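S.K.: Quick one: structure below, then a few questions.
The values are calculated or read from the model by the stated rules, or taken from the named source; none is laboratory data. Predicted model only: the values in this text are computed from it and were never measured. Here the Cβ is made from the backbone with ideal geometry for all residues, glycine too, and neighbour counts use every protein chain on show. Note: accessible area is taken over every heavy atom of the protein model, side chains too, but ligands, DNA and RNA are not part of it. Shrake-Rupley method; radii C 1.70, N 1.55, O 1.52, S 1.80 Å.
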Amino acid sequence: MRKYARGTARWTVLALVSLAALTVAPAAQAEEKVITNGFEGYDIEKWDRLRGGDGLAGFENGAGTARSGRVNGWLSTTRGWAREGTWASFGTNIWGPSMVCTAEIYVKPIRDLQFELRVWNAQGTKLATNAPWLVANGNYQTVQVTWRAEYENNAFVEAILGSDGIPRAVRLDDLVVRCNS
């Protein structure tokens with residue numbers, strides 16, 4: 001009986017030591033940083049607009065065209081280009097090369113067209129681009145682009161529309177930039 005009690009006590013001590021180790025050293029967790037900009041409130045002031053040719057870029061407030069909230073952006077052109085862009089600033093934390101980021105924006109094309117979403121770093125290097133063909137179905141559609149942050153804390157995200165003679169227009173809303181380690 002005494003031999004059994006010593007063996008049981010030994011296993012009990014080992015189990016408690018293992019449990020204590022799990023409690024003291026929590027598992028590493030992935031870090032996620034998220035920035036959103038849906039054109040609402042002061043967010044609208046963070047967007048800048050550029051255009052060339054007959055391109056136009058603007059905002060609609062209270063027109064009932066936003067995907068969410070009251071405000072959305074828009075781009076339009078027949079012979080030229082237009083773009084709206086904003087900074088996704090994550091502060092001063094230096095991240096490692098394992099940080100993966102995704103920018104996602106909702107786009108509602110007025111007719112079938114190609115739309116481009118680009119991401120740049122502060123030095124003017126293009127980090128990523130996605131230029132999908134969108135089918136006008138009356139709904140907002142998600143356009144995403146993914147890149148490795150590689151020690152970059154800030155990214156400039158821009159939505160671009162171009163045309164060479166065919167009238168094109170899109171509405172934009174609900175930008176989300178998400179980075180995970």
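S.K.: Being polar (S, T, N, Q), part of a strand (DSSP E or B) and either under 16 Å from the mean Cα position of the chain (by Cα) or within 18 Å of residue 177 (Cβ to Cβ) (or both) is the filter here; which residues of segment 99-137 pass it?
M.R.: Result: 102, 129, 130.
S.K.: I would also like to ask the following. Run residue 152 past the list (1) under 16 Å from residue 36 (Cα atoms); (2) part of a loop (DSSP other than H, G, I, E, B); (3) not basic (Lys, Arg) and report the number of the one that doesn't hold.
M.R.: The failed condition is (1).
S.K.: Of the residues that make up segment 153-166, is at least one within 25 Å of residue 31 (Cα to Cα), polar (S, T, N, Q), surrounded by 14 or more Cβ atoms within 10 Å (Cβ to Cβ) and touching a residue at least 24 places away in the same chain (Cβ under 8 Å)?
M.R.: Checked against the condition, which is being within 25 Å of residue 31 (Cα to Cα), polar (S, T, N, Q), surrounded by 14 or more Cβ atoms within 10 Å (Cβ to Cβ) and touching a residue at least 24 places away in the same chain (Cβ under 8 Å), segment 153-166 yields at least one hit.
S.K.: Kindly establish whether residue 149 is crowded, with 21+ Cβ neighbours inside 10 Å, touching a strand residue (DSSP E or B) at 6+ places or on another chain (Cβ under 7 Å) and modelled with pLDDT under 95.
M.R.: Numbers: crowded, with 21+ Cβ neighbours inside 10 Å: yes; touching a strand residue (DSSP E or B) at 6+ places or on another chain (Cβ under 7 Å): yes; modelled with pLDDT under 95: yes.
Yes.
S.K.: Continuing with the same structure: Could you list all residues from segment 62-98 that are surrounded by fewer than 14 Cβ atoms within 10 Å (Cβ to Cβ) and either of a type in the set (S, T, N, Q) or under 23 Å from the mean Cα position of the chain (by Cα) (or both)?
M.R.: If the condition is that a residue be surrounded by fewer than 14 Cβ atoms within 10 Å (Cβ to Cβ) and either of a type in the set (S, T, N, Q) or under 23 Å from the mean Cα position of the chain (by Cα) (or both), then 68, 91, 92, 93, 94, 96, 97, 98 are the ones that fit.
S.K.: Let me ask another. Do we have any residue at all in segment 113-129 that's open to solvent by 20 Å² or more (accessible area, probe 1.4 Å), small (Gly, Ala, Ser) and within 16 Å of residue 175 (Cβ to Cβ)?
M.R.: No, segment 113-129 contains no residue that is open to solvent by 20 Å² or more (accessible area, probe 1.4 Å), small (Gly, Ala, Ser) and within 16 Å of residue 175 (Cβ to Cβ).
S.K.: Can you find a residue that is of a type in the set (Phe, Trp, Tyr), at pLDDT below 95 and crowded, with 16+ Cβ neighbours inside 10 Å anywhere in segment 136-143? Show your work before the answer.
M.R.: Within segment 136-143, the subset of a type in the set (Phe, Trp, Tyr) is 140.
With at pLDDT below 95 added as a condition, the list becomes none.
So far as segment 136-143 goes, no, none of its residues is of a type in the set (Phe, Trp, Tyr), at pLDDT below 95 and crowded, with 16+ Cβ neighbours inside 10 Å.
S.K.: Suppose we filter segment 52-70 for residues that are closer than 18 Å to residue 140 by Cβ, assigned to a strand (DSSP E or B) and without any contact (Cβ under 8 Å) to a residue 60 or more places away in the chain; how many remain?
M.R.: Initially, segment 52-70 is screened for residues closer than 18 Å to residue 140 by Cβ, giving 57-70.
Subsequent filtering for residues that are assigned to a strand (DSSP E or B) retains 57-61.
Add one more test, that the residue is without any contact (Cβ under 8 Å) to a residue 60 or more places away in the chain, and what stays is 57-59, 61.
Number satisfying all stated conditions: 4.
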